[in-house]
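Student: Below are the structure tokens for one structure; questions will follow.
The values are calculated or read from the model by the stated rules, or taken from the named source; none is laboratory data. A quick note: this is a predicted structure, and the numbers were derived from the prediction, not measured. For neighbour counting, all protein chains shown are included, and Cβ atoms are generated from backbone atoms with ideal geometry for every residue, glycine included. Protein only, heavy atoms only, side chains kept; ligands, DNA and RNA dropped before computing areas. Shrake-Rupley method; radii C 1.70, N 1.55, O 1.52, S 1.80 Å.
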Amino acid sequence: MKVGLAQTNVTFANPEENFKRVEEYAKKAADQKVDVVVFPEMWNTGYALDQLDEIADKNGIQTQTLLKKLAIQYHLNIVGGSVSTKRDGHFYNTSYVVNEQGNVVSAYDKVHLFGLMHEGDFITAGSNETTFELAGVPSTGVICYDIRFPEWLRTLSRHDAKVIYISAEWPDVRIPQWELLVRARAIENQAYVVAVNRVGDDPDNHFNGHSLVVDPLGKIVEQAGEQEELVVASLDLDSIDQVRGQIPVFEDRRPDLYK
């Protein structure tokens, strides 16, 4: 399977500009003939949290409409990063996944909210798991801070997920931790991890990319630099069963002891 990592900038509090950027990168991904393209976290607004009442996507309609159109137009599976949404009087950090037929196969609200960016002061945490099939592959996906909670990733991966998608706005000061956490999540869940971070600046942070693809043994397959770019990687999905056969961690778990 061929994946495209859309390591894009996010224009602060400017959904119109950001929607145009996603269209541009979907076309770039299609030109590279990828099976799946993945976008970063909160790409419609950035962390303009005090402006969400005016700029968050109401019920996620604008985002879903665009992703469906692009998926059908380019015969492309899209992990739509995440966007700020407004539903029933609450704001959420929501990820939509759309298959190449234009069907939304996953809608996931970020479960773990990041206090250092005051996310919990504005955003409502999600509480639901997500598993889905994309390009014929059992998959799951999380958002940024979620990866610091290995028990959550294991909960999602226990349904035979072979690819874990991560979308993030991970500041440059913690990038060394980013790589280590992504590689750890791949090793412990014996799955490919496709992790996309943004680049650029908001009023309080600098983001420097380093998006990466990691195989089930923790080896980095491809890694982006610090500029806006589309990185393409090929995933050898047959290797997953081989790794799991050698070290059957899922069979050897002791959930009766885990609290």
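Student: For segment 143-246, give the magnitude of the charge dipole about the Cα centre (Cβ charges: +1 Lys/Arg, -1 Asp/Glu; no others), in debye to the nearest 20.
Tutor: Its charge dipole is roughly 520 debye.
Student: Picking from Leu113, Thr140, Phe91, whose Cα lies most toward the positive end of the charge dipole for segment 1-159 (charges on Cβ: Lys, Arg +1; Asp, Glu -1)?
Tutor: Result: Thr140.
Student: Here is a follow-up. In straight Cα distance, which aspartates and glutamates are under 13 Å from Lys68, not counting same-chain residues fewer than 8 positions off?
Tutor: Of all the aspartates and glutamates, those that pass the test against Lys68 - Cα under 13 Å, at least 8 places apart if same chain - are Glu23, Glu100.
Student: At 7 Å along the Cα-to-beta-carbon direction for both Val243 and Arg148, put a label point, then send me their distance in nm to one decimal.
Tutor: 2.5
Student: Please give the charge dipole size of segment 5-152, origin at the Cα centre, charges +1 on K and R Cβ atoms and -1 on D and E Cβ atoms. Round to the nearest 20 debye. Present the calculation step by step, with values, prior to reporting the outcome.
Tutor: Details: 12 positive and 20 negative charges, 84 e Å.
So the magnitude is around 400 debye.
Student: Just the number, please: carbon plus sulfur as a percent of the accessible area of segment 1-114, 1.4 Å probe, no ligands or DNA/RNA counted.
Tutor: On the way: 1910 of 4400 Å².
Solvent-exposed carbon and sulfur of segment 1-114 make up 43 percent of the total.
Student: May I ask you to give the percent of accessible area on segment 119-259 that is carbon plus sulfur, with a probe radius of 1.4 Å?
Tutor: Details: 3060 of 6440 Å².
Solvent-exposed carbon and sulfur of segment 119-259 make up 47 percent of the total.
Student: Of Lys27/Lys86; Lys27/Lys58; Lys28/Lys110; Lys58/Lys162; Lys58/Lys259; Lys58/Lys219, which ones are farther than 30 Å apart at the Cα? Mind showing how you got there, number by number?
Tutor: Details: Lys27/Lys86 28 Å; Lys27/Lys58 25 Å; Lys28/Lys110 27 Å; Lys58/Lys162 32 Å; Lys58/Lys259 38 Å; Lys58/Lys219 40 Å.
Correct reply: Lys58/Lys162; Lys58/Lys259; Lys58/Lys219.
Student: Once phi is turned into ³J(HN,Hα) by the Karplus curve 6.51 cos²θ - 1.76 cosθ + 1.60 with θ = phi - 60°, what whole-Hz value does each residue of segment 26-36 show in order, with x for glycine and proline?
Tutor: Each residue of segment 26-36 in turn: 5, 5, 4, 5, 5, 4, 8, 6, 7, 7, 9 Hz.
Student: Quick one: compute the contact order of the chain, relative version, from alpha carbon pairs under 8 angstrom and 6+ residues apart, as a percent. Display every interim value, and only then the final one.
Tutor: Values: 600 pairs, mean separation 50.0, N = 259.
It rounds to 19 percent for the chain.
Student: Something else now. For the pair Thr124 and Arg158, what calculated FRET efficiency results from E = 1/(1 + (r/R0)^6), where r is the Cβ-Cβ distance and R0 = 41 Å, to the nearest 0.05? Write out the running numbers ahead of the final one.
Tutor: Details: r = 26 Å, r/R0 = 0.63.
Taking R0 as 41 Å, the efficiency between Arg158 and Thr124 is 0.95.
Student: Calculate, for Ala184 and Asp53, the FRET efficiency according to 1/(1 + (r/R0)^6) with r their C-beta to C-beta distance and R0 41 Å; round to the nearest 0.05.
Tutor: Details: r = 37 Å, r/R0 = 0.91.
That pair, Ala184 with Asp53, gives E of 0.65.
Student: Once phi is turned into θ = phi - 60°, what whole-Hz ³J(HN,Hα) does the Karplus curve with 6.51, -1.76 and 1.60 give for every residue of segment 52-60, x standing for Gly and Pro?
Tutor: 4, 4, 8, 10, 5, 7, 5, 6, x
Student: Output wanted: per-residue J couplings in Hz (rounded whole) for segment 68-74, from phi through Karplus 6.51 cos²θ - 1.76 cosθ + 1.60, θ = phi - 60°, x for Gly and Pro.
Tutor: Each residue's phi maps through the Karplus curve to give 4, 4, 5, 4, 6, 4, 9 Hz.
Student: Would you mind checking which residues have amide H under 5 Å from Gly126's amide H? H placed 1.01 Å from N; only 5 or more apart, or other chain.
Tutor: Distant-sequence amide H within range of Gly126: Lys110, Val111.
Student: Write down the accessible area per residue of the chain in Å², having rolled a 1.4 Å probe over the full set of protein chains. Before the final figure, lay out the partial values.
Tutor: Details: 11150 Å² over 259 residues.
On a per-residue basis, 43 Å².
Student: What is the distance in Å between the Cα centres of segment 237-259 and segment 1-79?
Tutor: If we compute the Cα centre of each part, the gap is 34 Å.
Student: When the helix-only estimate is applied to the chain (DSSP H runs of n ≥ 4, each -39,500 (n - 2.57), divided by the residue count), what is the mean residue ellipticity at 222 nm, nearest 500 deg cm²/dmol?
Tutor: Working: 6 runs with 67 residues, N = 259.
Theoretical 222 nm ellipticity from helices: -8000 deg cm²/dmol.
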